[in-house]
1. List the pair-distance distribution P(r) of region 89-130, using every Cα-Cα distance, as the percent of pairs falling in each 10 Å bin from 0 up to the bin containing the longest distance, rounded to whole percents.
2. What are the membrane-span-like helices in the chain by this rule: whole DSSP H runs, Cα extent along the axis at least 24 Å, mean Kyte-Doolittle hydropathy at least -1.0?
3. Averaged per residue, what accessible surface does the chain expose to a 1.4 Å probe, in Å²?
4. If you plug each phi of region 26-39 into the Karplus form 6.51 cos²θ - 1.76 cosθ + 1.60 with θ = phi - 60°, what whole-Hz ³J(HN,Hα) values come out, in order, with x for Gly and Pro?
5. Can you compute 3J(HN,Hα) from phi for each residue in region 300-307, using the Karplus curve 6.51 cos²θ - 1.76 cosθ + 1.60 with θ = phi - 60°, rounded to whole Hz and x for Gly and Pro?
6. Using a 1.4 Å probe on the protein heavy atoms, what percent of the accessible area of region 275-374 belongs to carbon and sulfur?
7. Under the Karplus relation 6.51 cos²θ - 1.76 cosθ + 1.60, θ = phi - 60°, what is the ordered set of whole-Hz ³J(HN,Hα) values for region 172-183, x standing for Gly and Pro?
8. Quote the relative contact order of region 1-128 in percent (integer), defining contacts as alpha-carbon pairs under 8 Å separated by 6+ residues.
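The values are calculated or read from the model by the stated rules, or taken from the named source; none is laboratory data. These numbers come from a predicted model, not from an experiment. So basically every Cβ, Gly included, is an ideal-geometry build from the backbone, and we count neighbours across all protein chains shown. Surface accessibility is based on the protein's heavy atoms, side chains included, excluding ligands, DNA and RNA. Shrake-Rupley method; radii C 1.70, N 1.55, O 1.52, S 1.80 Å.
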Amino acid sequence: MRTRVEVCGITHLEDALAALNAGANALGFIFSQSPRQVSPDEARSIIERLPPFTQVVGVFVNEPREWVQNIICYCGLTAIQLQGDETNEYCQAFDVPVIKSFHLESTLALDRINDYQVSAYLLDTQVEGLSGGSGKPFDWSLLKNKTFARPVIVAGGLHAGNVSHLIQHCFPTAIDVCSGVSRSARRKDPVRLQTFFDAVAYADRLRVQAPAESGQEDILKASFDRQPLVEIQGRRFLLNALTEQIPATPAELLREAARRVCDAAQFPPGTKLVGEEDKGGGLLAAVSLLSGLSYGIARWYPSGLEGQVKVDFDCEYTGGSLFLNGVEPGDNVYIVDDLISTGGTLVGLVCAVRKAGADVSGILCMVEKRNYGGARRVFEATGISVQSLIEVDVSGEHSVVVGVNY
């Protein structure tokens, strides 16, 4: 089943066409007070120039019925989305499909929502003083094991980095995206649009496979469990397809690793990814492609390029300097790496990012070798906790997975 997508907050014809070209099923025009508000004339001018059969949704907040009905007729709206305190009786007054929005905090009033006899329910985040467009996700676990009387549309803080998690775990009928595909309050970004729809399509493909997953092997876990170990200078190294390319890394394994990283990290919009060029570089690039986020890279040798930051580091098998490119003052950075042992490289990465004038909001590693205390070292040196998805023990003849955190 394909997840339907409404791109909301359309203010320009070029953005409307870009959204449709990327795969949008509907376009949302906001007629009530908002930074993305359009006048009836502006909306009509855009809608008249759209391809035939385009679904156009008008967004309203506590407006008089007559005024809403006039806008429906004047602009040729095919549906309306009511974001305020409208009653069920109010919703029955229109001859086009009605989507009723509900704003959630820490609870979900299922009975109240199901009392509304409308075409669909839109669930968004409750933010004081706002009737929508919060740019923040609510607690999606509220949707688990709930039965709704109408199809559910999820909105609030969606972007390419988190939409896959929503689709695969909560199974919405449709999603409503706005700020996550925007470059400013009133303009969409064609690149972010396409990246978002690519992420939706990828999640839908995985969703189709979901019923058979319970009987399938976890290829990510299996790639680190019962794998050969080699000893170099008193340290035990794990031979595997993802971090060492022994054997060669299957594309399916890399995709699964990148998906797990995006699901676990839930990167905020505008985040910049950072990693190092050695064995974690392939994973970093895959995460960038899947999330739509840019990345900076720390190299082991200087390039001499302007703005390069240098820091010294030591890790379990070597030491030296890292040379960081692509991070600017004020950036919000998330460090992604394939594996943590003693933590020396990660300490160096944090220092490099901070030296560049940016902030580190999180660190995520695919695998943590529990025997070497790297996560503790990173926390003591930087104050940042390392999130690891797989924990392995390397004290025996083979690696043993002792924890899976996804």
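1. 25, 51, 23, 1
2. On the way: long enough: 190-209 (29 Å, 0.01).
Membrane-span-like by this criterion, though nothing is claimed about a membrane: 190-209.
3. Heavy-atom SASA per residue in the chain reads 45 Å².
4. Listing the rounded values in order: 8, 10, x, 10, 8, 9, 9, 4, 5, x, 9, 5, 10, 7 Hz.
5. 8, 9, x, 9, x, 6, 4, x
6. For region 275-374, the apolar C and S fraction of the accessible surface comes to 47 percent.
7. Values, residue by residue: x, 5, 8, 9, 10, 10, 9, 5, x, 10, 10, 9 Hz.
8. It rounds to 17 percent for region 1-128.
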